[in-house]
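Working notes, structure below.
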Amino acid sequence: MDIGFSPEETHFREECRDWLHAHVPAEKRPLDAADAIGFDKAWQRRLFDAGWAGINWPTDYGGRGLSIVQQVIWLEEYAAAHAPWIGANFVGVNHGGPTLILNASEEQKAYHLPRILKGEAIWCQGFSEPGAGSDLAGIKTRGRIEGDELVINGSKIWTSFAHVADWQELVLRTEEGSLRHKGLSWAICDMHAPGITVRPIRKMSGQTEFAEVFYDDVRIPLTNVVGGLGNGWKVAMSTLSFERGTGFIADQVKQSHEIEELIAAARANGMIKDDRIAGHLAQLRAEVAAVRAMTYRNISEVVRTGQPGPEASVIRLFTSELGQRLERMAVLLMGEAIIDFAYGDDDAVGDYLRGFAATIAGGTAQIQRDIIGERLLGLPKSR
Amino acid sequence: MDLTPNDEQIAFQTATTDWCREHMALEAARDRPDGLWDQLEAMGLPRLTAPEANGGLALDHATEALVFAELGRFLAPIGLLSSAVANRWFAEPFDGKVALALTVEEPGPLRVLDPVDSAAVLLLQPGSVRVFDIPDRFLNQMTRQQHVTAHRPTIDLSTMQSEQGWATTAVWTEDDVRPPLHLQLLAAAYAVGCADAARDMAADYARLREQFDRPIGWFQALKHMCSDMAVRAAAARSQLYYAACALDENAADAAFHVAAAKRLADQGALDNGRANIQVHGGIGMTDEAAAHLPLKRAHLLQFIAPAAREALLA
Ligand SMILES: Cc1cc2nc3c(=O)[nH]c(=O)nc-3n(C[C@H](O)[C@H](O)[C@H](O)COP(=O)(O)OP(=O)(O)OC[C@H]3O[C@@H](n4cnc5c(N)ncnc54)[C@H](O)[C@@H]3O)c2cc1C
């Protein structure tokens, strides 16, 4: 065990830092998906052109083919430089792409992966349905096989960035009458196909970042199925492991900067003299330190064994709740100014309100606890 | 000793709830009908404890707290709090709504809550409450700039705010600890109602929403979350009743009990507000659903006559 980085890694870190220092955009990322899409695409293209997109993706598909440790170093420097959230590219870069790398055919990979890295193709995730959130296996959206096509009917909900997306990770029931985890498929759905209607939904923070998606006889080629017909549950689980695992490293790193900013803010406005606040901040700082340690431990596990291990769900739960504690502290430090929050504002209150998603999206905190209890501790399954 | 409401109080409470459900639904909190204030006035709600000479009902604080907790459950206008206090403690009755200013150090400017259609504003000060006019424009004493008292939204989608200068012409209460405690008590009652609203919304949803072929309330993780909401609301409500009685009796420790009620009610409203969103899952985060409304109201209420640590430790 050691906490040092090799000379090459340190050199790589300096490269990241220098480039970011010179290139992080000065303007803020717009908050509404429709306004942000141009910004997100341009920034992703910039990252790609400079060789910073897909650091640990295979070189065949436009990645750099570097190690996961280098990926983490990049993300650490990325957060330190206050680089913008990758926004609409989140799905493609963090879990759509990785799912394809693991499960897709050569053609699928060759077509989609470079487009994701270049910011040319925006992806969204069509898993949740009105009747199937925590209970993902309750999916009802169906795909009827007609010749070499899938004909899709049904609806999805909470699909982030659906209204600006080009492609979707769509999990649907392709075997009529099949139950639960069986008979599902994971397909690449063209969001511009006829028959798709997107109804954007506004969040309690004022942004319309997610949407409801309706499918009315939408036709996509059967060759868009990833990982084989009927294997959707397995492929979806790999997507979720990317989403819940490495996809959140950037957030985790961000927390180490947030706590320092909070401490500085509490010093500046004198609230740190309140013992209760000082105590809270001290606790948060310790927890943030542990997040980095947990992340390093988890990454080391990946390097050693090739897999993240079940502790990934522990990190996910811990950081999502810690993130909410940090956001609560930030609004506490604002004092009465929280009253001034209005839709459209981009401040700590907006972060706090959007932050409720951390324990809901990508599997709720309750579901994460079930997973930890059952897979890590061997407790009996409750469902 | 009897900390349960009597028949008359229960009847009043039930009538309030029924009326609110029909005319002031929580779901419609951001879009209140015109003339709502007149209806609230007609029912005497801003004058429950005001002297009869001023057109008040001269009821006790216990009854008033009960009724205000119901009003709070429907996110009733903030101006009811300040109007009730103004009408109770000043000899001259006030005509119409009295808005509520949050405490600031002289020379202001003041943050005025619920200023729409109100002509006066009530401000809580150490040991007293003060009422003055709302001018159309004012001079900011700090920046020396002229301001028009324009209305802006607050985080609580049912409440507007404005800013105004510190006025010197005013009436205020003297040598009586009760007026400030009255405001704190009513704000606590609102927060209790807010905590109740979040609890009921969560429990209703947990009974209704099904995942894994059963209502989500079947799962202990959710059931216990709802139970905790009930515990917080019950603790705050009990303390509210106790505090109201202490204020009615002008008890020596009334200040402590009212502060305790406010502290617990604020905490209950915030914690229940957050938990309610989690219980709802994705839909809880939307603007369309009502789950965010009690949470946002709770964030506003915590700044109205907050419970000082000194009052709790005294
Ligand atoms: C901001 C945001 C973005 C999202 N983006 C996407 C996206 O891009 N694509 C996508 O497919 N989905 C997305 N989601 C949906 C997300 O995955 C679901 O909201 C989540 O899985 C919960 O499902 P639900 O909303 O139906 O809530 P429900 O499953 O109905 O849950 C309601 C409550 O019940 C609890 N519960 C349910 N089952 C159990 C149980 N067995 N034990 C204990 N408690 C239980 C939950 O924890 C929750 O508290 C997003 C959600 C949010 C909030």
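The values are calculated or read from the model by the stated rules, or taken from the named source; none is laboratory data. What you are looking at is a predicted structure, and each value in this text was computed from that prediction instead of being measured. Cβ atoms come from the backbone with ideal geometry, glycine included; neighbour counts cover every protein chain shown. When the accessible area is computed, the model is the full protein with side chains, heavy atoms only, and any ligands, DNA or RNA have been set aside. Shrake-Rupley method; radii C 1.70, N 1.55, O 1.52, S 1.80 Å.
Angle of helix B:254-280 to the longest C-alpha principal axis of chain B, folded into 0 to 90 degrees and rounded to 10: 40°. Averaged over the residues of B:280-291, the number of partner chain Cβ atoms lying within 10 Å of the residue Cβ comes to 6. For chain B, a Gaussian network of Cα nodes joined below 10 Å ranks B:Leu264, B:Leu102, B:Leu247 by mean-square fluctuation, and the top entry is B:Leu102. On the beta carbon distance between B:Ser238 and A:His23, with R0 = 60 Å, the FRET formula returns roughly 0.50. Chain A against chain B buries an accessible area of about 3200 Å², both chains summed, 1.4 Å probe radius.
Here region A:123-231 is assigned +1 on the Cβ of each Lys and Arg and -1 on the Cβ of each Asp and Glu. Its dipole about the Cα centre then comes out at about 360 debye. Compute accessible area for region A:350-373 by itself and then with all protein chains, 1.4 Å probe, and report residues whose area falls by 40 Å² or more. Going by heavy-atom accessible area, the residues of region A:350-373 that drop by at least 40 Å² are A:Tyr352, A:Phe356, A:Ile360, A:Gln366. Heavy-atom accessible surface of A:Ser160, to the nearest 10 Å², is about 50 Å², with a 1.4 Å probe and all protein chains retained.
Rolling a 1.4 Å probe over the heavy atoms of the protein chains gives chain B an accessible area of 42 Å² per residue.
Taking all protein chains as shown and a probe of 1.4 angstrom, B:Met142 keeps an accessible surface of around 130 Å².
On full extension, the segment bounded by B:Arg207 and B:Val116 gains 28.9 nm, given 0.36 nm per residue less the C-alpha separation. Normalised by 2.2 N^0.38 Å, with N the number of residues, the alpha-carbon radius of gyration of region A:123-231 equals 1.01.
Please state the shape class of region A:1-117: rounded when a/c is under 1.5, otherwise prolate if a/b exceeds b/c and oblate if not, all from the C-alpha gyration tensor. It is oblate, given that a/c is not under 1.5 and a/b is not larger than b/c. Separation of region B:171-210 and region A:7-28, taken as the distance between their Cα centroids, equals 51 angstrom.
A Gaussian network model of chain A, with springs between Cα atoms under 10 Å, assigns the largest mean-square fluctuation among A:Phe341, A:Phe214, A:Phe356 to A:Phe341. For region A:268-383, the per residue solvent-accessible surface stands at 50 Å², with DNA, RNA and ligands left out and a 1.4 Å probe.
One chain, two ends: A:Ala289 and A:Glu146. Fully extended at 0.36 nm per residue, the span grows by 46.1 nm beyond their Cα-Cα distance. Build a GNM of chain B with springs between Cα atoms under 10 Å apart, and of B:Gly79, B:Gly281, B:Gly96 the one that fluctuates most is B:Gly281.
Projecting the Cα atoms of B:Thr16, A:Ala79, B:Ala252 onto the dipole axis of the protein assembly as shown, where Lys and Arg carry +1 and Asp and Glu carry -1 at the beta carbon, places A:Ala79 farthest toward the positive end. For A:Ser67, the accessible area of its heavy atoms, probed at 1.4 Å with every protein chain present, is near 40 square angstrom. Shape class for the protein assembly as shown: prolate, because the ratio a/c of the largest to smallest gyration tensor axis (alpha-carbon atoms, square roots of eigenvalues) is 1.5 or more and a/b beats b/c. Solvent exposure of region A:7-117 amounts to 44 Å² per residue of accessible area, where only protein heavy atoms count and the probe is 1.4 Å. Near A:Arg173: Cβ cut-off under 13 Å, other residues only, Lys/Arg at +1 and Asp/Glu at -1. The net charge is +3. Over 27 Å apart at the Cα level, from the set A:Lys156/A:Lys203; A:Lys203/A:Lys381; B:Lys97/B:Lys262; A:Lys140/A:Lys254, are A:Lys203/A:Lys381; A:Lys140/A:Lys254. Where q = 0.07 Å⁻¹, what log10 of I(q)/I(0) comes from the Debye formula for chain B, counting one point per Cα? The Debye formula, applied to the Cα set alone, gives -0.27. Label sites at B:Ala170 and A:Tyr343, each approximated as a point 7 angstrom past Cα along Cα to Cβ, lie 3.5 nm apart. Comparing the full protein assembly with the isolated chain (1.4 Å probe, heavy atoms, ligands and nucleic acids excluded), the residues of region A:113-136 losing at least 50 square angstrom of accessible area are A:Asp135. The Cβ shell under 11 Å around A:Glu212 holds other residues with a net charge of 0, Lys and Arg each +1, Asp and Glu each -1. Under 17 Å Cα to Cα from A:Lys41, which lysines show up? Leave out anything in the same chain fewer than 8 places away. Result set, ordered by chain and number: A:Lys28, A:Lys118. If I compute solvent accessible area with a 1.4 Å probe over the protein chains, what percent of it on chain A is carbon and sulfur? Here carbon and sulfur together make up 54 percent of the probe-accessible area. Taking square-rooted eigenvalues a ≥ b ≥ c of the alpha carbon gyration tensor, is region A:248-376 rounded, prolate or oblate, where a/c under 1.5 means rounded and, failing that, a/b exceeding b/c means prolate? Judged from the Cα gyration tensor, region A:248-376 comes out prolate (a/c at least 1.5, a/b above b/c).
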